[in-house]
Amino acid sequence: MSRGDRSRQARERSAEERERARAERERRRAGREPGPDERPPEPPGAPLTGAPPADALPPEPSVGPAADEPPIVPAADERAPDAPEPLGESFAGEPVAGEPVAHEAPQEGGPLEPPARAAPFEPPAGNAAVEPPAASTSVEPSAEAAAGMPLEPSAEAAPSEALPQTAPLESPAEEAAAGPSLPAPPAQRLPPTAPPPRGLPPAAPAGLGVARRSRRARVGAVLALLAAVVAVFLVLQSLFHSGDAKTPPVPVVVKVLIPEGKTRLQIAQIAAAEHLSGSYLLASRHSPLLSPQAYGAPAATPTLEGFLFPATYFTNPGESADHLVEEQLIAFRENFGASEIARAHALHETPYQLLTVASMVEREALIPSDRAKIAAVIYNRLRQGMPLGIDATIYYAVELRDGIATYTHELTEAQLHIDSAYNTRTHTGLPPTPISNPGAAAIMAASYPANVPYLYYVAGADGCGEQVFSVSASEFEADAAAYHAAVAKNGGHPPSCKKK
């Protein structure tokens, strides 16, 4: 302990303690024991740190030092290891260790009482809280001390752990005003607290963790309650509105089927039957999507006949006829492209002329196997400059003249001589426009005709649809006579097929 620490301890002694010490020295010099009323008060509940009190010991013979004998002071080597050193007084008037007190010189009758010395404060291990230390308690001397024997420090008097020092008063006036200080009970030894393991943060106070867990629990309970309310609301809403919900109407789609080989007039009838709005005949005259002149058609071509591709189309109810024409023209360009144009040039025809041949094949062929043969007959007769003599062109001429979509009767002799550019009996070459709207199969047959020398064909007398082909005119005449006989036999109608 440094000089300054001992001076502070000496200064902290109250006036009452110093008075008791002087009174004890006087009693020792007088060689008598203190009376019951002269003993210093003991702190309540505080055990003595030294020997038991004098009144608790058996009486001893009153033997004390003579008045003229000097007090017995133990030598330095005879003192106990932990015995306190006598205090002196510093240059500022404070007691200093190792020096005699100037104003309290030792008197006869007994040795001076060694003052208690507090050990320096050491904080306990861990985070355990320590109660504020009390002021040092004076110890009543034992019988051995009264007899002049050297004092032995008790094991209980040695503090196991040093306590912090109390702050001294700033002035003697404050000490006097504060009055005599009561001795505090001895500090109890607290068990050391284990420090937290390294690498882990210090544990939060228990109250803070409980508060956080309580707050989180409340927030979770509120969220769970809100989720339950929302779920119940949705279920109730679905139950209440289930009867009011109406199934959305399924959109109605109009299916427009246009077969191969139909003419503009016939397609117009189909569009009207499907309740399409607008005029199909007007819409099929011209369109910005396709120009017949781009395929080699004459500039005066009146309509889009031949370009209205046959297929199945799906439209909305009441769809415009213009929309149907647009869809047909788009489908035609997908089925009549560069390869068909190249084939037309290879056959020394324009694409528009190849399309016209395909339209006649579509109207003349009743079975698929006859398409390429009919196309070969047309190209062979064109090469030889012979009239085509195809009755389908005359039917088309009659329909245009009479304004009817379909003529189903046999051609009369007058109709066979109708004055029309579509009469291939009286005019050589191809008709001015296609006579129908051919499909992909007829376009393919016109692009790749059969390699046969036929120049004639006529419907078979059995009425099953196949054509009878021949090279010479005599063969053709015989086949034609057989067909007319079958028509006459059937009452003027085409013969019915007898094949199963």
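Considering only segment 466-500, state which residues are within 27 Å of ARG383 (Cβ to Cβ) and outside any helix (DSSP H, G or I).
Across segment 466-500, the qualifying residues are GLU466, GLN467, VAL468, PHE469, SER470, VAL471, SER472.
The rows are residues; the columns are (1) in the same structural domain as TYR295 (by TED's automatic domain parsing); (2) farther than 18 Å from VAL458 by Cβ; (3) in contact with a helix residue (DSSP H, G or I) (Cβ under 6 Å, 6 or more places away or on another chain).
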{"site": "SER339", "(1), (2), (3)": "yes, yes, no"}
{"site": "GLN353", "(1), (2), (3)": "yes, yes, no"}
{"site": "GLU364", "(1), (2), (3)": "yes, no, yes"}
{"site": "ILE378", "(1), (2), (3)": "yes, no, yes"}
{"site": "ALA397", "(1), (2), (3)": "yes, yes, no"}
{"site": "GLY403", "(1), (2), (3)": "yes, yes, no"}
{"site": "LEU430", "(1), (2), (3)": "yes, yes, yes"}
{"site": "GLY439", "(1), (2), (3)": "yes, yes, no"}
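Restricting to segment 251-278, name every residue that is free of Cβ contacts under 8 Å to residues at least 24 places away in the same chain and either loosely packed, with under 14 Cβ neighbours inside 10 Å or of a type in the set (Gly, Ala, Ser) (or both).
ALA272, ALA273
In segment 365-375, how many are over 13 Å from MET444 (Cα atoms) and either under 60 Å from the mean Cα position of the chain (by Cα) or surrounded by fewer than 19 Cβ atoms within 10 Å (Cβ to Cβ) (or both)?
2
A quick yes/no check of all residues on (1) outside any helix (DSSP H, G or I); (2) under 60 Å from the mean Cα position of the chain (by Cα); (3) not aromatic (Phe, Trp, Tyr):
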site: ILE330; (1), (2), (3): no, yes, yes
site: HIS345; (1), (2), (3): no, no, yes
site: HIS348; (1), (2), (3): yes, no, yes
site: LEU354; (1), (2), (3): no, no, yes
site: ALA358; (1), (2), (3): no, no, yes
site: ARG363; (1), (2), (3): no, no, yes
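So that you can scan it fast, the table gives a plain yes or no per residue for (1) touching a Gly at 6+ places or on another chain (Cβ under 7 Å); (2) assigned to a helix (DSSP H, G or I); (3) farther than 25 Å from GLN269 by Cα:
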| position | (1), (2), (3) |
| --- | --- |
| MET386 | no, no, yes |
| GLY389 | no, no, yes |
| TYR395 | no, yes, no |
| ARG401 | no, yes, no |
| HIS409 | no, no, no |
| ALA414 | no, yes, yes |
| ARG425 | yes, no, yes |
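Within segment 280-303, count every residue that is assigned to a helix (DSSP H, G or I), out of contact with any Lys or Arg (no Cβ under 7 Å at 6 or more places or on another chain) and of a type outside the set (Ser, Thr, Tyr).
Of the residues in that region, 5 qualify.
The values are calculated or read from the model by the stated rules, or taken from the named source; none is laboratory data. This structure is a prediction, so every number in the text was calculated from the model and none was measured. Here Cβ is always computed from backbone atoms with ideal geometry, including for glycine, and neighbour counts include all displayed protein chains.
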